[in-house]
Ligand SMILES: Cc1cc2nc3c(=O)[nH]c(=O)nc-3n(C[C@H](O)[C@H](O)[C@H](O)COP(=O)(O)OP(=O)(O)OC[C@H]3O[C@@H](n4cnc5c(N)ncnc54)[C@H](O)[C@@H]3O)c2cc1C
């Protein structure tokens, strides 16, 4: 009885019942975007999820600390039968890019480094051959790369040329009889320390156009030195490549890469994939943060019961869901053949920005524990920084969209 004489309702039994209810499942796919694909495709996604959770999650922090690559996973990834899944022919499954994107989410949700390794091989390297190779080159490389018997890398960025690659590549190619002589350096090239083939983009001295070359492992004049001390995507083996009078046969020149427009076609395709990766990275951090919030108690209650903590969680979920809807539509446009550069650029810039904000919220939610690797979220925070910058920074993608919507180019 209160001092006013009005009896207060007894809410304790309601509270107890509430406390005993099972908690909702932890999932970042709030709008069930992954259920929009066929039953066959759902089975593929489930297979990849099981692989990532059972084979990658338990070991990845150890590799991340040592900045080492888990080579033993390559045959297991090959067995998943998902490499080059959206390409047609050459043993590839000819599935949609929506499925390809959802696969990137499944990988990045557990580990963005593994998603990047796979994206470089299956997207950038195989994609260069798929889009720019001759029929003979495709027959030679795509089946073995699909089976992951040969691993690929993609060398565009240089020590002095990053965002400005379209106009300023300094690596040169000079024709000498039936061969080409490559000279220059490439920086940041993922997988290149061990790749069997690296696609090198270089400027032809004769016509000043950018051309692509398949440089095979062990080619004299090609060296790939591992880049040390990265603070993000530490499992990915990035290399500084030096090409010193590196002779490549004319047969290894990508026969249908005639200018940077062809390089850009590869980037357009893979940029969409990076936007999906950003969704996965944000989702992984969110799911760890939600599970943590349900368990961690302060002031005698799970922190998930505090309004400000729920605000963080819902902010994260909104970011993820908006990004998912965007990339789903983007890939539908890609599958319909109507996706342009600016569509991919908008998604890449938006989703990676939202990913960066989301992983920051997740870190905040974990308090001090958020910077301990054992709680997983810190790895996503670091890795989001690399995803944010590679395959076109936010600024470059913004300029691409800005040009498309205004009709004025603001590129310098
Ligand atoms: C982990 C990782 C993996 C990578 N893997 C690969 C790979 O496998 N293959 C490959 O070829 N490359 C790879 N890259 C390179 C990546 O694509 C470049 O880092 C990216 O394109 C940006 O180039 P940059 O780092 O040289 O930055 P810069 O071009 O030097 O840019 C520095 C800053 O200036 C801004 N800026 C530049 N120009 C303009 C402008 N005109 N207007 C406004 N702002 C501008 C940029 O947005 C950025 O903020 C990788 C990078 C990382 C970090």
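The values are calculated or read from the model by the stated rules, or taken from the named source; none is laboratory data. Since the structure is predicted, the reported quantities are computational estimates derived from the model, not experimental observations. Backbone-built Cβ (ideal geometry, glycine too); neighbour counts: all protein chains shown.
If you check residue 32 against the conditions, is it closer than 16 Å to residue 109 by Cα and either loosely packed, with under 10 Cβ neighbours inside 10 Å or at pLDDT below 95 (or both)? Explain how you work it out, then say what you get.
Numbers: closer than 16 Å to residue 109 by Cα: yes; either loosely packed, with under 10 Cβ neighbours inside 10 Å or at pLDDT below 95 (or both): yes.
Against the criterion (closer than 16 Å to residue 109 by Cα and either loosely packed, with under 10 Cβ neighbours inside 10 Å or at pLDDT below 95 (or both)), residue 32 qualifies.
Specify which of the listed residues (385, 357, 391) is free of Cβ contacts under 8 Å to residues at least 60 places away in the same chain and either closer than 26 Å to residue 344 by Cα or away from the ligand (no atom under 14 Å from the Cβ) (or both). Steps first, answer last, please.
Values: 385 fails: free of Cβ contacts under 8 Å to residues at least 60 places away in the same chain; 391 fails: free of Cβ contacts under 8 Å to residues at least 60 places away in the same chain.
After applying the criteria, what remains is 357.
Suppose we filter segment 145-169 for residues that are in a helix (DSSP H, G or I), in contact with a helix residue (DSSP H, G or I) (Cβ under 7 Å, 6 or more places away or on another chain) and buried (at least 21 other Cβ atoms within 10 Å of the Cβ); how many remain? Let's see the steps before the verdict.
We begin by selecting, within segment 145-169, every residue in a helix (DSSP H, G or I); these are 145-146, 165-168.
In the following step, the residues that additionally are in contact with a helix residue (DSSP H, G or I) (Cβ under 7 Å, 6 or more places away or on another chain) were identified as 145, 166.
Adding the requirement that they be buried (at least 21 other Cβ atoms within 10 Å of the Cβ) leaves 145.
Here the count works out to 1.
State whether the residues of segment 130-144 include one that is on the phi > 0 side of the Ramachandran plot, assigned to a loop (DSSP other than H, G, I, E, B) and buried (at least 20 other Cβ atoms within 10 Å of the Cβ).
Looking only at segment 130-144, we keep the residues that are on the phi > 0 side of the Ramachandran plot, and these are none.
The answer is no; no qualifying residue exists.
Output the residue which, of all residues in segment 188-197 that are under 16 Å from residue 116 (Cβ atoms) and touching a strand residue (DSSP E or B) at 6+ places or on another chain (Cβ under 6 Å), is surrounded by the fewest Cβ atoms within 10 Å (Cβ to Cβ). Don't jump to the end; show me each part of the working.
Applying the first criterion (under 16 Å from residue 116 (Cβ atoms)) to segment 188-197 yields 188-195.
Filter again for touching a strand residue (DSSP E or B) at 6+ places or on another chain (Cβ under 6 Å), leaving 188-193, 195.
Numbers: 188: 21, 189: 27, 190: 26, 191: 26, 192: 31, 193: 17, 195: 25.
Within segment 188-197, the match that is surrounded by the fewest Cβ atoms within 10 Å (Cβ to Cβ) is 193.
Do we have residue 321 as within 16 Å of the ligand (Cβ to nearest atom) and assigned to a helix (DSSP H, G or I) here?
Numbers: within 16 Å of the ligand (Cβ to nearest atom): no; assigned to a helix (DSSP H, G or I): yes.
Considered against the rule, which asks whether it is within 16 Å of the ligand (Cβ to nearest atom) and assigned to a helix (DSSP H, G or I), residue 321 comes out as no.
Among the residues of segment 36-50, is there at least one that is over 30 Å from residue 260 (Cα atoms) and in a loop (DSSP other than H, G, I, E, B)? Please lay out each step first, then the result.
Narrowing segment 36-50 to residues over 30 Å from residue 260 (Cα atoms): 36-50.
Next, only the ones that are in a loop (DSSP other than H, G, I, E, B) stay: 37-38.
So far as segment 36-50 goes, yes, one or more of its residues are over 30 Å from residue 260 (Cα atoms) and in a loop (DSSP other than H, G, I, E, B).
Residues checked against (1) at pLDDT below 95; (2) under 15 Å from the mean Cα position of the chain (by Cα); (3) surrounded by fewer than 23 Cβ atoms within 10 Å (Cβ to Cβ); (4) assigned by TED's automatic domain parsing to the domain that holds residue 87:
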position	(1), (2), (3), (4)
209	no, no, yes, no
215	no, no, no, no
218	no, no, yes, no
221	no, no, yes, no
241	no, no, no, no
266	no, yes, no, no
273	no, yes, no, no
278	no, yes, no, no
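Per-residue answers, yes or no, for (1) more than 24 Å from residue 103 (Cα to Cα); (2) buried (at least 22 other Cβ atoms within 10 Å of the Cβ); (3) in the same structural domain as residue 200 (by TED's automatic domain parsing):
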| site | (1), (2), (3) |
| --- | --- |
| 309 | yes, no, no |
| 319 | no, yes, no |
| 332 | no, no, no |
| 364 | yes, no, no |
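Is it fair to say residue 406 is within 16 Å of the ligand (Cβ to nearest atom) and either surrounded by fewer than 24 Cβ atoms within 10 Å (Cβ to Cβ) or over 25 Å from residue 262 (Cβ atoms) (or both)?
Working: within 16 Å of the ligand (Cβ to nearest atom): yes; either surrounded by fewer than 24 Cβ atoms within 10 Å (Cβ to Cβ) or over 25 Å from residue 262 (Cβ atoms) (or both): yes.
When the stated conditions are applied, residue 406 passes them.
A quick yes/no check of all residues on (1) under 20 Å from residue 394 (Cβ atoms); (2) part of a loop (DSSP other than H, G, I, E, B); (3) touching a residue at least 60 places away in the same chain (Cβ under 8 Å):
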site	(1), (2), (3)
194	no, yes, yes
200	no, no, no
206	no, yes, no
225	no, no, no
232	yes, yes, yes
240	no, no, yes
256	no, yes, yes
267	yes, no, yes
279	yes, no, yes
